[in-house]
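Trainee: Dumping the structure here so I can ask a few things about it.
What follows is calculated from the coordinates using simple rules that are stated; it is not laboratory data. Small disclaimer: the values here were computed from a predicted structure and weren't measured. All Cβ positions, glycine included, derive from the backbone under ideal geometry; neighbour counts span all protein chains shown.
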Amino acid sequence: MRNNMQYSKYWLNGLSLAIQLAISGAGFLEQNYPPSVIEDAHLTTLELLAKYNYPNEAHFVTTSDNYILGMHRIPRPGAQPVLLVHGLLDSSSTWIMMGPQSGLAYYLYDSGYDVWLGNCRGNTYSRNHTSLNPNKDRAFWNFSWHEMGIYDLPAMIDTVLDVSGFKKLTYYGHSQGTTVFFVMASSLPAYNDNVHLMNALAPAVFVQHTKTPLLDMGLSMKNVFLTDNGPSEIMPRSEMGLDFCFMSSYWLKFCMRFTRLLFGGNGKSHNKTMYPVMFGHCPAGCSTLQVNHFLQMVRSGRFRPYNFYLKRNQRIYGTSKPPDYQLQRVTAPIALYFTKDDFLTVPEDVQRLAKQLPKVVVNHLYENPEWNHVDMVWAPNLRQEAQPQMMANSKKWETTDE
C-alpha cells in the first residue's frame, strides 16, 4: 500500500509539473511563428496539398497479409508515375511539408510527373488492418521493415502501375524507404523490371559505422525496445511532441540538440521558421520491431532479416542466424545520394553498399557540410542544390531502352 501511495504521489507531482510547464509555455508557439506555419503543423498530407492548390487523392491498398495502407497521390493522369517512400517514424507528408518551394513531391508534379506518396504499415496513415485493431491487438505491431519490403512495397507498386497504366515507375526512397526497396528487390527480383531508376536518398542498408551517440544506450541493451508482452507502437503522431518542444525557447533548443545528436549536422541548414512543421508531422509512429531491427543492423554490420535468435531462426530460416539479403539480385538501376555529415548513413557504409549492387549508375556525395540525414528531404536549398540533378538522372533512365 505504501509503495502504491508513493507511486501515486510521484505520478501526481509529475503531472502537476507537466501542467505548470505547459501553462508557463503557453503562447510561445503563437508568439514566435506565423499562423500559416502553425496551421501546416496540424494539417494532414491531403490537407496540405489542398491548401497549396495541388490536386490530391487518397488510395487504400490492402497487402497480401491484410494490412491496409494509405497512399496519397498528386494526380497527373497519363504522365510518368513516380513513387516516393518515407523513412523511419515518418510519413508521406515528409515530401511536401516544407512547402511548394522545397518539397520534392511538388517539384516532381510541377515538372510533369504523376506523383504517388507511400505510407508503410504502422505510421499515422497506415494504422489499418482487415481484422486487427492497432489500439487493442499487439499482433498488429508484429512487423519490422522486412515485412514492408515483402508486402507493403509490392502492393504500392502494383497499385501505381495498375491505376496509371504504365509498366514502369521511378522510385525515390529516403532512409528506411531505401531499406524496404532493397529488401523487395533482392527477395522478389521480378519487381526490378518495374523500376526505371531507384533514387536512394541517405540509403540505410549498412549502418555499422553510424556516428550518433544516442545509439550507445540502445546497443548496450538486448532487445531494448521489446517487452514481455511483445511488440507495440512507438512514437505515434500526436500533439505531445509539438507541445513539449514549443513550451519555451529552452525546450526547443533541447529538441533541436536531440535531433542533431541523432541525425548529424549543425542545424544551420534548417529553415528555422518551419520547426513547428517538422515536429508536427514527425514522428509519425512505427513498431518497436522496426527500431530493434535497425539496432541489429548496427550490432551485426549485416543486411539481413530480423534475428529472432536460435530456435525461432531455425524454424523460420532453417539456420541459426538469418541469411543475408542477396543484393546482387537487385538489378534495377540505382542512384545513390548521401551527405558528408550524416550520422546515421555515413559515406563509408554507403560505399560498401555501392560495391555490392550490380547497377549503380549514380554515386553522389553532397559536400555541403551542413546537410545531415534528414536534410536530404527537408533542407530549404534542395531545389537549388539537389533536386534538378535527381530529376535529370531519372528522366535519362525513363527514356533509355534497356
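Trainee: Determine the percent antiparallel among the DSSP beta bridges restricted to the chain, to the nearest 5.
Mentor: Counting only bridges with both partners in the chain, antiparallel ones make up about 40 percent.
Trainee: When you count, for each residue, the other Cβ atoms within 10 Å and take the mean per peptide, how do 48-61, 277-290 rank with the highest first?
Mentor: Going by the mean number of other Cβ atoms within 10 Å, highest first, we get 277-290, 48-61.
Trainee: Could you list which residues have their amide H under 5 Å from that of N381, counting only those 5 or more apart in sequence or on another chain, with H placed in the peptide plane?
Mentor: Residues meeting the criterion, in which the H sits 1.01 Å from N, do not exist here.
Trainee: How much mean residue ellipticity at 222 nm does the chain get from its helices, if each DSSP H run of length 4 or more adds -39500 (n - 2.57) and you divide by all residues, to the nearest 500 deg cm²/dmol?
Mentor: Mean residue ellipticity at 222 nm (helix-derived): -11500 deg cm²/dmol.
Trainee: Grab the other residues whose beta carbon is less than 14 angstrom from that of M235, score K and R as +1, D and E as -1, and report the net. Numbers along the way, then the final one.
Mentor: On the way: positive: R127, R237; negative: D90, E233, E239.
With Lys, Arg at +1 and Asp, Glu at -1, the net is -1.
Trainee: Let me ask you something else. Which cysteines in the chain lack any other cysteine whose Cβ sits under 4.7 Å from their own Cβ?
Mentor: C120, C282, C286
Trainee: For a protection proxy built on the mean count of beta-carbon atoms within 10 angstrom, sort 73-81, 203-211, 307-315, 234-242 highest first, please.
Mentor: 203-211, 73-81, 234-242, 307-315
Trainee: So who's got an amide H within less than 5 Å of the one on H129, skipping anything under 5 residues away but keeping other chains? H placed 1.01 Å off N, in plane.
Mentor: Long-range HN contacts for H129: I68.
Trainee: A follow-up question, please. Loop-only trypsin sites (Lys or Arg not before Pro) in the stretch 94-186, please: DSSP not H, G, I, E or B, and at most 10 other Cβ atoms within 10 Å. Intermediate results must be reported in sequence, preceding the final value.
Mentor: Working: sites: R121, R127, K136, R138, K167, K168; in loops: R121, R127, K136, K167, K168.
Of the trypsin sites (Lys or Arg not before Pro), the ones in loops of the stretch 94-186 whose Cβ has at most 10 other Cβ atoms within 10 Å are K136, K167.
Trainee: Run the dipole for the chain about the Cα centre, Lys and Arg Cβ at +1, Asp and Glu Cβ at -1, nothing else charged, and hand back the magnitude in debye, nearest 20.
Mentor: It works out to roughly 1180 debye.
Trainee: Local charge sum around L188 (other residues, Cβ-Cβ under 13 Å, Lys/Arg +1, Asp/Glu -1)?
Mentor: So the environment of L188 carries a net charge of -3.
Trainee: So which aspartates and glutamates pass the test for K211, namely a Cα distance under 18 Å, with those fewer than 8 places away in the same chain ruled out?
Mentor: Within reach: D341, D342, E348, D349, E367, E370, D375.
Trainee: Right, here's the next one. Pick out, from N271, L353, L29, the residue whose Cα sits farthest towards the positive end of the charge dipole of the chain, with +1 on the Cβ of Lys and Arg and -1 on the Cβ of Asp and Glu.
Mentor: L353
Trainee: Tell me the GluC sites (Glu not before Pro) within the stretch 342-387 that lie in a loop according to DSSP and have at most 14 other beta-carbon atoms within 10 Å.
Mentor: Sites meeting the loop and neighbour criteria: E367.
Trainee: A follow-up question, please. I'd like the Karplus ³J(HN,Hα) series for the stretch 166-175: coefficients 6.51, -1.76, 1.60, θ = phi - 60°, whole numbers in Hz, and an x wherever there's a Gly or Pro.
Mentor: 8, 9, 9, 10, 9, 10, 10, x, 10, 6
Trainee: Return the long-range amide H neighbours of Y366 (sequence gap of 5 or more, or a different chain), with a cut-off of under 5 Å between placed amide H atoms.
Mentor: F338, T339, K340
Trainee: In whole Å and largest first, what semi-axes does the C-alpha gyration tensor of the chain yield when each eigenvalue is scaled by 5 and square-rooted?
Mentor: Each semi-axis is √(5λ); the values are 32, 27, 21 Å.
Trainee: While we're on this one: Using the Karplus curve 6.51 cos²θ - 1.76 cosθ + 1.60 with θ = phi - 60°, work out ³J(HN,Hα) for each residue of the stretch 127-133 in order, rounded to whole Hz, and write x for Gly and Pro.
Mentor: Each residue's phi maps through the Karplus curve to give 9, 9, 7, 5, 9, 8, 9 Hz.
Trainee: Going down the table (K168/K355; K340/K396; K167/K321; K272/K340; K51/K272; K321/K355), which pairs top 28 Å between alpha carbons?
Mentor: Violating the 28 Å limit, Cα to Cα: K167/K321.
Trainee: Please list, in order along the stretch 97-111, the HN-Hα scalar couplings obtained from phi with the Karplus expression 6.51 cos²θ - 1.76 cosθ + 1.60 (θ = phi - 60°), rounded to whole Hz, x for Gly and Pro.
Mentor: Once θ is set to phi - 60°, the couplings for the stretch 97-111 become 5, 7, x, x, 7, 9, x, 4, 4, 4, 4, 5, 5, 5, 8 Hz.
Trainee: Suppose every K and R has +1 on its Cβ and every D and E has -1 on its Cβ; what is the size of the dipole of the stretch 60-166 about the Cα centre, in Debye to the nearest 20?
Mentor: Values: 6 positive and 9 negative charges, 54 e Å.
That gives a dipole near 260 debye.
Trainee: Name the residue from Q384, Y171, L365 whose Cα lies farthest towards the positive end of the charge dipole of the chain, charges +1 on Cβ of Lys and Arg and -1 on Cβ of Asp and Glu.
Mentor: The one lying farthest along the dipole's positive direction is L365.
Trainee: Follow-up question, since we're still on this one. Which is farthest toward the positive dipole end of the chain among S144, L310, C120, measuring Cα position about the Cα centre, with Cβ charges +1 (Lys, Arg) and -1 (Asp, Glu)?
Mentor: L310
Trainee: Would you please put 336-343, 112-119, 246-253 in order of how densely packed they are, using the mean number of other Cβ atoms within 10 angstrom per residue and starting with the highest?
Mentor: 112-119, 336-343, 246-253
Trainee: Would you tally the net charge around M98, using a Cβ to Cβ cut-off of less than 11 Å, leaving M98 out, and scoring K and R as +1, D and E as -1?
Mentor: Summing Lys/Arg as +1 and Asp/Glu as -1 gives -1.
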